[in-house]
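FYI, it's all coordinate maths here, none of it is from the lab. Note that the coordinates shown come from a computational prediction; the quantities given were computed from them, not determined experimentally. Positions of Cβ are generated from backbone atoms using ideal geometry, with glycine treated the same way; all protein chains shown enter the neighbour counts.
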Amino acid sequence: MMRSVRVVIWVVEGTWEGCVDAARPSIPAAGRVALLHVTPSDVTGIAGAATAGLLGRGLPGSRTHRPVEEVAGKAATALLAAAALRLGREDAELLQRRGRVEREVIRAVAEDVDLLVVARDGDHSRLGPHSLGPATRFVVDHAPCSVLLVWPDEPPGIESIPPAPPHGPAPPPPV
Amino acid sequence: MPGPIAESLAGVLLVATLGCAIARPWGLPEALIAVPAAGLLLLLGVLPLSAAAIEVRSLGPTIGFLAAVLLLATLSDRFGLFEAAGGWMASGSRGRPVRLLALVFAVASTVTAVLSLDATVVLLTPVVFATVAQLRLRARPHVYACTHLANSASLLLPVSNLTNLLAFGASGLSFARFGATMALPWLAAIAVEWLLLRRFFAGDLVGHAEPQRPAAPRRPTPVYACAVVGLTLLGFFVTSLLGVAPAFAALAGALALAVPLLRSRRVSVREVGLALQVPLLAFVLGLGLIVKALSLHGLGAVVTHLVPVGASLGALLVVALVAALLANLINNLPAVLLLLPAVAALGPGPVLAVLIGVNTGPNLTYAGSLATLLWRRVLRQRGEELPVSEFMRLGALTVPPVLVAATVALWISLRVVG
């Protein structure tokens, strides 16, 4: 018997709604679907580094420290639940991870995944070689499965392409 | 004790003190090494008793002022001031990430200026994090904005940063004049941070919070706490015009917040005592004495040699640069303590340039390179990490222009305000 297709949708704050909407037509009704969210472990580290700047004042354990970790975890759980609701698939598997975002995404799709749906992030006003954010770029380069790159909002018109340079460099001669 | 040995001993003790304050082995208080180290230097005669007495007398009022400001910030948090600020930012942003970033800039700059950078790092940053999470936007730009502004926006008032408090006496300026002179550099630093962070994080400032989401129950604005903080700020200026130490305004503000909280048993006397952060105050005193010993045995002369005389734009830029480098090499507190004796005689311009360096410089390594290295280990033990390449890249991008813009603004300000 053939195994069913498995699709993973990577949801990120700011683009998740568009990503879920754009992914919907690509999921076969009989296929399995999972929603993946990764909480970056370094953002809390940045806040922590500033605390180190105070020479240890307000370290965890002091009364003033609020559990940022906990807030992030709860927000991620709620985001995945909202994404499943929006997708309209109660059977969607929810994958909540924490770590280096790009590496956790690759790890989550390392086995038994046919398609990874990724929203384009980055700055849409400057399209070009660097218009994908660093994490998305890494995932597109290293995912061991097919990747569907979707626009989380309106795709740009073709007029966003700059005019071709009048005399481009000559192609390198064949060796 | 011969000079070089005394110098090395004081140097080793300074590094040990800073290291212990950051790594906090077994959660021990930061004063644990600082105070015995200062005692040892006194006992061995590296630090003469008379020099120590002068240092204690000059640091005493500063430490009292710091205690009152820390108490003011902690108690206003107990009134829900920071949670309310989170609510204002969430509703004011209308779910737009760039708008939210602008509000985070406004709130973080104000909190840093009025309630010190400690308040921004310890009390405001977690609230900003929670606000962003609630709006389902990306936290990175907003968290970086808080940590950067805690440093760059701490130029405005003597209370904004412990470094300012330490330099306040040496600057010979009144509270009001300090604020008037630093207003332009403060605005310049914030403006440059805005332009650069906005651009650096353009990719993360995407999307918008869904409007149909039910907003979290709004916390009522703590009117009383807002009024007390506002009046305290006014009090800083009034006391300074009357020739009274502005520390008394901070003390009055802290008392005005403490009394109703104590009466309604929302805080205990013990908690107020903890909020005074006595170990920290002892640490600052110990650190001051260690740096004094270091300064007496030759390092002071070296530093004096590094600092150019005069208040020309070039001289101010060199002073700010030296201060920023020193702050990144060791840490900004010992850096300002080392530099102050060298610049105090040169007038307010160079003193304020030192503050620009030691306050904005740390965005490169936050606590100085030593501290950052130690902090990475602490974080790794907790399963977190520090994106060193990212924050160094952002620091390298923002620190030089912020430093130059603020120093040029200071130069102009000194001409206008005089």
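For chain B, the extents of the C-alpha atoms along the principal axes are 73, 50, 49 Å, listed from largest to smallest. First check a/c for region B:108-243, with a ≥ b ≥ c the square roots of the eigenvalues of its C-alpha gyration tensor; if it is under 1.5, answer rounded, and if not, answer prolate when a/b is larger than b/c or oblate otherwise. Taking the square roots of the gyration eigenvalues as a ≥ b ≥ c, region B:108-243 is oblate. Of the trypsin sites (Lys or Arg not before Pro) found in region A:1-39, the ones in coil according to DSSP and having at most 12 other Cβ atoms within 10 Å of their Cβ are A:R3. The Stokes-Einstein estimate for region B:1-117, based on a Kirkwood radius over Cα pairs and taken at 20 °C with 1.002 mPa s viscosity, is a diffusion coefficient of 119 µm²/s. Looking at the square roots a ≥ b ≥ c of the eigenvalues of the Cα gyration tensor of the protein assembly as shown, which shape do they give, rounded for a/c under 1.5, prolate if a/b is larger than b/c, or oblate? Prolate shape, in that a/c is at least 1.5 and a/b is the bigger ratio. Taking chain B as a Gaussian network of alpha-carbon nodes connected by springs under 10 Å, the highest mean-square fluctuation of the residues B:V302, B:V46, B:V404 belongs to B:V302. Taking a ≥ b ≥ c as the square roots of the Cα gyration tensor eigenvalues, with a/c under 1.5 meaning rounded and otherwise prolate when a/b beats b/c, else oblate, which class fits region B:1-45? In terms of gyration-tensor shape, oblate.
Springs between Cα atoms under 10 Å define the GNM used for chain B, and in it the highest mean-square fluctuation of B:G235, B:G243, B:G87 occurs at B:G243. Considering region B:212-295 at the alpha-carbon level, its Rg and Dmax are found to be 18.4, 62 Å.
Can you pull a Stokes-Einstein diffusion coefficient for region A:87-170 at 4 °C (1.567 mPa s), Rh from Kirkwood over Cα pairs, as a whole number of µm²/s?
85
GNM, chain B, Cα, under 10 Å: largest mean-square fluctuation among B:T110, B:T304, B:T181? Among B:T110, B:T304, B:T181, the largest mean-square fluctuation in the Gaussian network model of chain B belongs to B:T304. With all projection directions averaged, the alpha carbon convex hull of region B:35-190 covers 11.0 nm². Going by neighbour counts of Cβ atoms within 10 Å, the residues A:D112, B:D118, B:D204, A:D21 line up, fewest first, as A:D112, A:D21, B:D204, B:D118. Residue exposure proxy: B:V318, B:V291, ordered by other Cβ atoms within 10 angstrom of their Cβ from fewest to most, comes out as B:V318, B:V291.
For A:L95, nonlocal amide neighbours, meaning residues 5 or more places apart or on other chains whose placed amide H falls under 5 Å from its own, are A:L35, A:L36, A:H37. Ordering A:E111, A:E13, A:E159, B:E7 by the number of other Cβ atoms within 10 Å of each residue's own Cβ, fewest first, gives A:E159, A:E111, B:E7, A:E13.
Mean sequence separation of contacting Cα pairs (under 8 Å, at least six apart), scaled by the length of chain B, corresponds to a relative contact order of 23 percent.
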